[in-house]
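The values are calculated or read from the model by the stated rules, or taken from the named source; none is laboratory data. Just so it is clear, the model here is predicted, and its values are computed rather than measured. Heads up, the Cβs are rebuilt from the backbone with ideal geometry, glycines too, and the neighbour counts pull from every protein chain shown. Ligands, DNA and RNA are excluded from the accessible area calculation, which covers all protein heavy atoms including side chains. Shrake-Rupley method; radii C 1.70, N 1.55, O 1.52, S 1.80 Å.
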Amino acid sequence: MMPKIEPIYLKDYKKPDFEIKKIDLTFDLYEECTIVTNVMQIKKVADTNDIVLDTLDLELQELWLNDLKLNDTRYIITDEKLTILNVPKEFNLKIINKIYPQNNTELEGLYKSGSIFCTQNEPEGFRRITPYLDRPDVMSIFTTTVIADKSKYPILLSNGNKHQCHDFLNGRHGTTWIDPHPKPAYLFALVAGDLGSITDEFTTVTGEDIELNIYCDKGNEDRCHHAMKSLKEAMLWDEEVYGREYDLEIYNIVAVDSFNMGAMENKGLNIFNSHYVLADEDTATDANFMGIQAVIAHEYFHNWTGNRITCRDWFQLTLKEGLTVFRDQCFSADLNSKEVQRIEDVKTLRERQFVEDASPTSHPIQPKSYISMNNFYTATVYEKGAEVIRMIYTLLGKEKFRDATDLYFKSFDGQAVTTSDFLWAMSEASGIDLKQFESGWYNKKGTPILNVEQSFKDGTFTLKFIQEDDFYFPLKVGLIDADGREIVDEVLIIDAKEKTFVYENLSTMPIASINRDFSAPIILKESEKDFAFLMKYDTNSFNKYEATQNFAMQTLQDMINGLEIDEKFIDAYGYLLDLEIDNSYKALLLELPSVSAIMQTQKVVDFEIIYDAKERLAKHIASTYEEKLMGIYNSLDDLSIPNRAMKNRALRILSPLESDMVINLAKEQYKTSKTMTQRVVALDVLENISTYDAKDELEDFYNRYKTDTLVMNKYFAILASSDAKDVLKKVIKLQDDKVYDEKVPNLVRSLIGSFARNYKYFHAKDGSGYKFVADKIIAIDAINAQMASGLAGAFKVYDKMNEVNKSLMKKELQKILDTDGLSKNCFEIVGKILG
Ligand SMILES: [Zn+2]
């Protein structure tokens, strides 16, 4: 059967016909089922007779309108709606219904992660719990009572402040929570379980004491301290930078293992994928620690940008996500290294969003239609959305931007608004007209291309910028003279298809450093350029990195076109090795462009050719600088994050040598490592050396961590991403491993997801990779549609592939589309890819 394909359009938005002033929920949790009692105070605000509530496979027990129990002549139940006929202007509605959280594998609505009851309601999970006006512009005051067996579920949580505890005779107990802030249903949360926890306290700027709790599986309490520290850092930062104070008596975070996304900002009760909570040096890498700090902050920041001010409809998702990602990026930059943070942010954008924007699933940060909203939690809405906010920040400047966010909070607190409302505040407070900005960046898809033409005559340097469209953006530009001195550093405004800037009275032609700090998320097209010069003299840390990447890319291009390796690049790379700069930054400078980045520069993609060029270049660098790299490796201790980053980089650069020396170095690092950061890199290097069989180390790692699912994700990812032979065979076999569980999204992502990003084997010319992943998508779609459509994203490169791969892909994509009972989620993504 084909799924119902009814796209929803932004242009069709209508205000709700009813307000729900209050909702009083009671959950009776049992092992076999849960009884939900939902009492709503409803008011009609439009001229209509019937109320149509959102629901899904409703199992109704009782329905009451005021004091009248309704029989089935008064209502209509369909798969997705409950319609109650002829309702008065104001009324109370009581719905009692039954749900089955223990059978819920989609992980939306109320479900069980292990023995813990938990929820995920964004975007449309709440309708799986009870009938409701499940749309973000219906905001209500929630009171929630959770009742369950006291010994199995001693901890009962929901949103807001704890109001009352109840004890019942039959070993059951209950807790009532009241959330005084009106909120949409997608922010509703409930947790019940026998959980461990750590507790702390934060005093706000006005002197309110807030109780902070982080809950986790018992035994993991010691791994929550970094998350707690990050939460307090985020609370302080939001007060200092945005003037935002927390607004409840308590802030709870719960870590669960089965979660579709990273984390969820439910009011006062964040629910997290345990990947973004639990960490200690033995089990988490430095990157994991940073990820936790960023995601804890992100969800906390949503309290104002998302919860207090929410989205009018789901087309506005970037209103809360773009802004909140921008806020967490700035937070991370303030607390850690600014230069590293910016490079990492841009890397993520290019690896994920640029690929998406060049594919058939490309969409503006504010999409105009969708079939399944779950498919629009994308890199475009989030990461490009954050870049768009960053451009506004650059255009306004720090102080005006703060004035503008103050105005935004003041004007729209407690409301569900649109991106235009946000832009109104930005414009109003700064006096800058953002109409042209909005029409380009919010409404158009694709990555703008900016062509640069430069000329120098009689001491006058001319920079001409040409774009196909008329996007409006800030462009940070620097000019460096022939002696390596910076003579200009400024922000230019590009607001037309052609724009020319002239610099006079120069003695020699300067070298231009364009789009510093990646001030606009565009693709820059420049003619021949002296990258080696910029690698040396650019004062902008981001553009120094760009010059390195561009030079490497140019070298790889030449190699793909049959030319020899450019020794000038090899020399410039050697120069970087000698630099005395922060080691985290240096480790990034020395990283060669990823296969995905190289792929994006090809008209027709053939991964075999890309791998061949990259492997040859890497080998040449390793043999040229073997001695120097060994020197760096041996000179560094492993006590700090930057040192570990550089040490690991040196080991990775050396690894293509595949010599006994490298093998011994990696083996020794694996054996003596005191942190996961070093252990996991050593293991990955060994697994990828074709002259070595890493089975001892893999076995050791497995035995050490087999009871720790989070670490086992790393194990599966290393094996599925490997360059070694027979990867697909190994991945197929690993599915039978005791640790692997197809119902846990993290494990699916680390094994199947990693394989789908292993371009070498996913794109194998015998079609085996495509067939395997397509079959998995079909199987997983029946369990968890959101997870399946996520995996289907691996096929996004379809349009750009060579004919051989393309026809193999087409066969598998068609097979997915022809599957009986395919979800809307997969139908939408695969349908778009096939056109
Ligand atoms: Zn978010």
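Tabulated data
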item: Single residue of region 257-272 satisfying the filter (of a type outside the set (Gly, Ala, Ser) and more than 14 Å from the ligand (Cβ to nearest atom)) that is farthest from Tyr740 (Cα to Cα); result: Leu269
item: Residues of region 552-587 satisfying the condition of being closer than 22 Å to Lys347 by Cα and of a type in the set (Phe, Trp, Tyr); result: Phe569, Tyr573, Tyr585
item: Residue within region 74-82 that is in contact (Cβ under 8 Å) with a residue 12 or more places away in the chain and among the polar types (S, T, N, Q) present; result: no
item: Search result, residues across region 32-58 that are open to solvent by less than 70 Å² (accessible area, probe 1.4 Å), among the acidic types (Asp, Glu) and not in a strand (DSSP E or B); result: Asp50
item: Residue within region 237-248 that is within 15 Å of the ligand (Cβ to nearest atom), over 23 Å from Arg649 (Cβ atoms) and out of contact with any strand residue (DSSP E or B) (no Cβ under 7 Å at 6 or more places or on another chain) present; result: yes
item: Residue in region 474-488 that is open to solvent by 70 Å² or more (accessible area, probe 1.4 Å) and either within 13 Å of Phe461 (Cβ to Cβ) or in contact (Cβ under 8 Å) with a residue 60 or more places away in the chain (or both) present; result: yes
item: Identity of the residue in region 299-313, over 16 Å from Gly262 (Cβ atoms) and open to solvent by less than 10 Å² (accessible area, probe 1.4 Å), that ends up farthest from the ligand (Cβ to nearest atom); result: Ile309
item: Sole exception among (1) within 16 Å of the ligand (Cβ to nearest atom); (2) hydroxyl-bearing (Ser, Thr, Tyr); (3) not in a helix (DSSP H, G or I) for Tyr251, by number; result: (1)
item: Residue under evaluation Leu319, criteria (1) within 17 Å of the chain's Cα centre (by Cα); (2) within 14 Å of the ligand (Cβ to nearest atom); (3) in a loop (DSSP other than H, G, I, E, B), criterion not met; result: (3)
item: From Ile621, Ile663, Ile641, residue being open to solvent by 10 Å² or more (accessible area, probe 1.4 Å), in contact with a Phe, Trp or Tyr (Cβ under 9 Å, 6 or more places away or on another chain) and touching a residue at least 40 places away in the same chain (Cβ under 8 Å); result: Ile641
item: Hits in region 406-431 (condition: surrounded by fewer than 16 Cβ atoms within 10 Å (Cβ to Cβ) and within 15 Å of Leu395 (Cα to Cα)); result: Glu428, Gly431
item: In region 354-383, residue farthest from the ligand (Cβ to nearest atom) [restricted to those that are farther than 14 Å from Gly790 by Cα and within 11 Å of the chain's Cα centre (by Cα)]; result: Thr380
item: Within region 714-749, tally of residues that are touching a helix residue (DSSP H, G or I) at 6+ places or on another chain (Cβ under 7 Å) and within 21 Å of Ile689 (Cα to Cα); result: 16
item: Test: residue in region 325-348 that is within 16 Å of the ligand (Cβ to nearest atom), within 22 Å of Lys183 (Cβ to Cβ), crowded, with 22+ Cβ neighbours inside 10 Å and not charged (D, E, K, R); result: yes
item: Selection from region 273-298 of residues that are within 22 Å of Glu124 (Cα to Cα) and either away from the ligand (no atom under 16 Å from the Cβ) or touching a Ser or Thr at 6+ places or on another chain (Cβ under 7 Å) (or both); result: His298
item: Elements of type strands (runs of 3 or more DSSP E) contained in region 77-142, each with 3 or more residues being surrounded by fewer than 20 Cβ atoms within 10 Å (Cβ to Cβ) and at pLDDT 95 or above; result: 90-99
item: Which listed residue, of Asp571, Asp470, is among the acidic types (Asp, Glu) and part of a loop (DSSP other than H, G, I, E, B); result: Asp470
item: Residues satisfying the stated conditions in region 510-532, i.e. at pLDDT below 95 and surrounded by 16 or more Cβ atoms within 10 Å (Cβ to Cβ); result: Lys529
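For every residue, the table says whether it meets (1) touching a residue at least 12 places away in the same chain (Cβ under 8 Å); (2) of a type in the set (Gly, Ala, Ser); (3) surrounded by 21 or more Cβ atoms within 10 Å (Cβ to Cβ); (4) not in a helix (DSSP H, G or I).
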position: Tyr670; (1), (2), (3), (4): yes, no, yes, no
position: Leu683; (1), (2), (3), (4): yes, no, yes, no
position: Tyr702; (1), (2), (3), (4): yes, no, no, no
position: Thr707; (1), (2), (3), (4): no, no, no, yes
position: Asp723; (1), (2), (3), (4): yes, no, no, yes
position: Lys738; (1), (2), (3), (4): yes, no, no, yes
position: Lys760; (1), (2), (3), (4): yes, no, no, no
position: Ala764; (1), (2), (3), (4): yes, yes, no, yes
